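These notes are about the structure you will find just below.
The values are calculated or read from the model by the stated rules, or taken from the named source; none is laboratory data. Quick caveat: nothing in here was measured; it's all calculated off a predicted structure. Cβ: placed from backbone, ideal geometry, glycine included. Neighbour counts: every protein chain shown. SASA here: full protein model, heavy atoms, side chains in, ligands and nucleic acids out. Shrake-Rupley method; radii C 1.70, N 1.55, O 1.52, S 1.80 Å.
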Amino acid sequence: MLAYLPRPPTDTSRYGTFPQKQATTTTTTATATAATAAAKRSAPMPNYPSAPRRGGFVPSEASLPPSRGSLTAQQPRSRPSWCPQPAPQDTGARLYPLQALSVANIPNSARGRTSARSSTVPIPEGLQSRRCKLLEEDNPMLQSGKRQRQRYVTKVGKCQVNLGNIQDKKRFLSDIFTTIVDLKYRWFLFVFMMCYIVTWVVFGVIYFFDAWVRGDVGHQGDPEWRACIENVDGFISALLLSVESQRTIGYGTRMVTANCAEGVILLMAQSIVGSMIDAMMVGCMFVKISRPKKRAQTLIFSKNCVISRRDEKLCLMFRVGDLRESHMVDAKIRAKLIKSRQTAEGEFIPLEQSELNLGYDTGEDRLFLVEPQIICHVINCHSPFWDMSAESLRRDQFEIIIILEGIVEATGKCRCLTAGMTCQARTSYTEDEILWGYRFEPCMSLEKGAFHVDYSRFEMTFEVQTPAASAKELHELKELEQQDHSTLSLYWDHLLHPC
């Protein structure tokens, strides 16, 4: 439960060590070197750094390739060869936040001049080790490796919740049909076979006991004896009579005659019980086979979410697709945010669920899932990610659960099996699987008069210029610019028309 509670970082690797008092030249050198490191690390707009190229990490090359696929498919980079081993820290050094080394607010031109001006200054050993730590920490793949924790929902949609200490288990017997259907296949087949075997054995024992009491077993071969159950000389023959009667085989060698009323009543009872077992077991087998649970295997989700700007709004996006030609009818999609929090009164709420708006107020959550769709969540003032920036995303801990529901389309020979069955597919995304400043590549093209979907590009993303600030900060900055523009226009109007 505590894995989803956001907490500040406690490791000292997020901080750099600076001496308490340094000369002016040392401070100038540290600032210039930090600007050089920031200029090499960041793009024109500050985004997440991506994985290195196949040839290794080269400082002069761009650290972001033009295209990338799944984040989990890439290997984390090791310490660069030009980074020395970390030296032991001074006990008298003070700890400063990592943001002290960042110069994201400096324009690109000024940043380039600073880098060129400080290129001839030698880099101290301690500052170079801090620079290596900074590059390692900004790697999102190393972040994902450090924070492996228990998921609430796996990537294939299985809920990782075990129910225990259930006292009132009689509720499961009251709904015996659903209980049998929910069993695993090995236990379901075991129950299926045992229902028939037990009834055959029970009625076989009753047939043998009746034949033994009436003397039919001891008078086998006597033509003058009027037997109630003919040709039953032991338990095996009575068991065969039970199987033949319940399955309506009727070989004709063993039978119940009209010489006794209890035999006729026993045969009627077995026929009724056998019909009930057939109806129940065949119904359970039909429902278990025709359940559209396996249909969800052909509904796929992208392995990563992306955050970028769309229509001048910061959006969280992921992609869904259907691999079958028989499409889902009335497909709906929704998302839940799983995150623990602590209230103002001190109450701890584990795994609190909050809704993410995927367009249910505008109808955009209803999908016509013929080709892969990119689902968008606009980060506005009603979104739980309103205050989230690129830096806070790496520190926070949460999980996004995606639920796709629809009715399986009835087609061809499987019309009677799948008509009207509701299918549900689920997946989840943790904060390590969200790429800030990326966008999905198109996977559709027009070929020979039809649209062609290339699922090999389903997972591919590419980097776009996206500010690292939160949506709230961008909104406030936009309002401030509009206010300055209106003030400036009023000032010019006053200069032009002083009266």
Item to complete: Report yes if THR343 is open to solvent by 50 Å² or more (accessible area, probe 1.4 Å) and either touching a His at 6+ places or on another chain (Cβ under 7 Å) or among the polar types (S, T, N, Q) (or both), otherwise no.
Response: no
Discussion item. Can you say whether VAL191 is over 30 Å from ARG291 (Cα atoms) and either open to solvent by less than 40 Å² (accessible area, probe 1.4 Å) or in a helix (DSSP H, G or I) (or both), as far as the supplied structure shows?
Written reply: no
Fill in: Subset tally (residues that are within 24 Å of CYS284 (Cα to Cα), open to solvent by 70 Å² or more (accessible area, probe 1.4 Å) and in contact (Cβ under 8 Å) with a residue 12 or more places away in the chain) for the range 230-252
1
Practice prompt. Could you tell me whether the range 355-366 includes any residue that is open to solvent by less than 50 Å² (accessible area, probe 1.4 Å), farther than 24 Å from PHE462 by Cβ and touching a Gly at 6+ places or on another chain (Cβ under 9 Å)?
Written response: yes
Worksheet item: Can you find even one residue in the range 296-305 that is farther than 30 Å from ALA471 by Cβ and surrounded by fewer than 16 Cβ atoms within 10 Å (Cβ to Cβ)?
Response: yes
Fill in: ILE206 vs. criteria in contact (Cβ under 8 Å) with a residue 24 or more places away in the chain, of a type in the set (Val, Ile, Thr), open to solvent by 50 Å² or more (accessible area, probe 1.4 Å) and not in a loop (DSSP other than H, G, I, E, B)
yes
Worksheet item: Would you pick out the residues in the range 209-229 that are open to solvent by 70 Å² or more (accessible area, probe 1.4 Å), outside any loop (DSSP other than H, G, I, E, B) and among the charged types (D, E, K, R)?
Response: ARG214
Worksheet, complete the sentence: Residue pairs within 9 Å by beta carbon, gap of at least six or interchain, first lying in the range 307-323 and within 25 Å of HIS452 (Cβ to Cβ) and in contact (Cβ under 8 Å) with a residue 24 or more places away in the chain, second open to solvent by 90 Å² or more (accessible area, probe 1.4 Å) and outside any strand (DSSP E or B), listed first then second, are LEU323/GLN297
Item to complete: Hey, can you tell me all the residues within the range 258-284 that are over 26 Å from VAL181 (Cα atoms), touching a helix residue (DSSP H, G or I) at 6+ places or on another chain (Cβ under 7 Å) and open to solvent by less than 70 Å² (accessible area, probe 1.4 Å)?
Response: CYS260, GLY263, LEU266, LEU267
Fill in: Residue count, the range 332-367 (criterion: farther than 16 Å from PHE318 by Cα and not charged (D, E, K, R))
15
Item to complete: Give just the number: which of (1) touching an Asp or Glu at 6+ places or on another chain (Cβ under 7 Å); (2) more than 21 Å from GLY274 (Cα to Cα) does ASP210 not satisfy?
Response: (2)
Response to the item:
Being under 17 Å from ILE434 (Cβ atoms), modelled with pLDDT under 80, of a type outside the set (D, E, K, R) and part of a loop (DSSP other than H, G, I, E, B) narrows GLN148, GLN167, GLN143 down to just GLN148
Worksheet item: For the range 457-471, what are the residues that are open to solvent by less than 80 Å² (accessible area, probe 1.4 Å) and in a helix (DSSP H, G or I)?
Response: ALA471
Discussion item. If I filter the range 414-431 for residues that are open to solvent by 30 Å² or more (accessible area, probe 1.4 Å) and at pLDDT 90 or above, do I get at least one hit?
Written reply: yes
Item to complete: Sort out which residues of the range 230-256 are in a loop (DSSP other than H, G, I, E, B), under 60 Å from the mean Cα position of the chain (by Cα) and at pLDDT 85 or above, and write them in order of number.
Response: ARG247, THR248, ILE249
